[in-house]
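Novice: Below is a structure I'd like to ask you about.
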Amino acid sequence: MNIPLFDLSEQNAALRPEFDAAVARILGSNQYILGKETEAFESELAVAAGVGHAVAVSSGTDALVLALMAMGIGPGDEVLCPDFTFFATASSIARLGAVPVFVDVDPVAFNLDAADAARKVTPRTKAVIPVHLFGQAADMEAVLQLAAKHKLQVLEDAAQAIGAEYRGRTVGNFGDFTAVSFYPTKNLGGFGDGGALFCATAEGAEKARVLRNHGMHTRYYHRWIGGNFRLDNLQCALLRVKLPHLEEYARKRSANAALYLELLQNTPGLVLPRVLPGNVSIWNQFTVRVEGGRRDALRAALTARGVGSEIYYPLPLSRQECFASLPPSACPVAERLCGEVLSLPIFPELGEERVRHVAAALKGSLAGL
Ligand SMILES: *Cc1c(COP(=O)(O)O)cnc(C)c1O
């Protein structure tokens, strides 16, 4: 049996007639950018995600850039972000001329270590970006305490965590702004690039909407230098078809995860992911740690057995070539994780039989190394 890391075909086939109808509606609408379709998507998204204000944008990366623009981040500012996350978290800071300051993560939930963040605050620190990695919320109480103490703005990177909960509230309710992504592998996966920015206040949302459209408040009158961060109505229409299924997708991922946890418990050399008390994960990834320097060999063995996997992420951001000129920022846990992590198939439609097959392949491969 061949099992890919990720496969959307079943999920998308089930909704094909609705997608076709949505496309036909937009093609015949004579309105392809902004207006009613975008607004309808935004209000439905805000309800589904349990947040107050949602602004649809062109990608998760653009949501981060737009948020930092709205927060007034620029040259001379420092922004704290985890060393172990997708590149866009940090590149968005650098693209605005500010300095990403890399913070270590905790080895259990893979999220920002607030104690290390506190050690790296300077008088130039303006903001912090907690990432809710792999679908599980960061320790927001600790992050918010740190932010209050040093008057930092908070931008949640929830690209992988739409719908995840922290102590009874969904992510997107803690920071000044929250970025989410509709990249196809994310829990709400679109048909191309897309994202959204959740905003804590109506004023923040209004500013984000203006910045999304070249900082233009009245036609051809520009208050700020924004950008083109708009999301096509075609994409909004397609995402509106998937939105009612978001919880169901998370439930199915969660069932896959629960079965992996049962089947793989007490496997020597394997550290399983853990959901911390108070958290509800949406399981965007199921990421194990392989001890004893055997991660790459295990991955090769799984590939040979037709089981897909991926390394999120192989190199800490602080060691990326493009950040070589930044001052060093020690993050030993992030370093170690990059050599140990391996993400397994977890997409909603995977189902019991394939989870059992992956678990057996993994145990068999590990035992043979
Ligand atoms: C996917 C992702 C992004 C960027 O989203 P895009 O829509 O691909 O631009 C940012 N941060 C994290 C943590 C992500 O996983």
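Novice: Looking at this structure, is SER309 hydroxyl-bearing (Ser, Thr, Tyr) and farther than 23 Å from ALA49 by Cβ?
Specialist: yes
Novice: State the number of residues belonging to region 152-197 that are outside any loop (DSSP other than H, G, I, E, B) and more than 14 Å from the ligand (Cβ to nearest atom).
Specialist: So the count comes out to 6.
Novice: Shifting gears a bit: Being out of contact with any strand residue (DSSP E or B) (no Cβ under 9 Å at 6 or more places or on another chain) and more than 30 Å from ALA14 (Cα to Cα) is the filter here, so list the residues in region 302-318 that pass it.
Specialist: If the condition is that a residue be out of contact with any strand residue (DSSP E or B) (no Cβ under 9 Å at 6 or more places or on another chain) and more than 30 Å from ALA14 (Cα to Cα), then ALA304, LEU315 are the ones that fit.
Novice: Any chance you could count how many residues in region 245-282 are buried (at least 16 other Cβ atoms within 10 Å of the Cβ) and among the basic types (Lys, Arg)?
Specialist: Final tally of qualifying residues: 2.
Novice: So which of LEU276, LEU263 is outside any loop (DSSP other than H, G, I, E, B) and over 29 Å from VAL65 (Cβ atoms)?
Specialist: Details: LEU276 fails: outside any loop (DSSP other than H, G, I, E, B).
Exactly one residue qualifies, and that residue is LEU263.
Novice: Here is a further query. HIS217 versus (1) surrounded by fewer than 23 Cβ atoms within 10 Å (Cβ to Cβ); (2) assigned to a strand (DSSP E or B); (3) in contact with an Asp or Glu (Cβ under 9 Å, 6 or more places away or on another chain): which is the lone unmet condition?
Specialist: That leaves (3) as the condition not met.
Novice: Can you give me the number of residues within region 23-43 that are in contact with a Lys or Arg (Cβ under 8 Å, 6 or more places away or on another chain) and aromatic (Phe, Trp, Tyr)?
Specialist: 1
Novice: Restricting attention to region 17-46, and to residues there that are within 24 Å of LEU211 (Cβ to Cβ) and among the β-branched types (Val, Ile, Thr), which single residue is nearest to the ligand (Cβ to nearest atom)?
Specialist: Restricting to residues being within 24 Å of LEU211 (Cβ to Cβ) and among the β-branched types (Val, Ile, Thr), the top hit is THR38.
Novice: Could I ask something else about it? Considering only region 53-80, state which residues are part of a loop (DSSP other than H, G, I, E, B), within 16 Å of the ligand (Cβ to nearest atom) and over 16 Å from ASP157 (Cβ atoms).
Specialist: SER58
Novice: Could I ask something else about it? Looking at region 182-198, can you tell me whether even one residue there is more than 18 Å from the chain's Cα centre (by Cα), closer than 19 Å to GLN153 by Cβ and of a type outside the set (Val, Ile, Thr)?
Specialist: Looking for residues that are more than 18 Å from the chain's Cα centre (by Cα), closer than 19 Å to GLN153 by Cβ and of a type outside the set (Val, Ile, Thr), one finds none in region 182-198, hence no.
Novice: Output the number of the condition that TRP283 fails; it satisfies all remaining conditions of (1) of a type in the set (A, V, I, L, M, F, W, C); (2) without any contact (Cβ under 8 Å) to a residue 40 or more places away in the chain; (3) on the phi > 0 side of the Ramachandran plot.
Specialist: The single condition TRP283 does not satisfy is (2).
Novice: Give all pairs with beta carbons closer than 6 Å in which a residue from region 341-363 that is more than 10 Å from ALA255 (Cα to Cα) meets a residue that is modelled with pLDDT under 95; count only pairs at least 6 apart in sequence or on separate chains.
Specialist: Pairs found: HIS357/MET1.
Novice: Got a sec? Which of VAL103, VAL131 is modelled with pLDDT of 95 or more, more than 13 Å from the ligand (Cβ to nearest atom), β-branched (Val, Ile, Thr) and crowded, with 24+ Cβ neighbours inside 10 Å?
Specialist: After ruling out the rest, the residue left standing is VAL103.
The values are calculated or read from the model by the stated rules, or taken from the named source; none is laboratory data. Being a predicted model, the structure only gives us computed values, none of them experimental. Every residue, glycine as well, gets a Cβ built from its backbone with ideal geometry; the counts of neighbours run over all protein chains shown.
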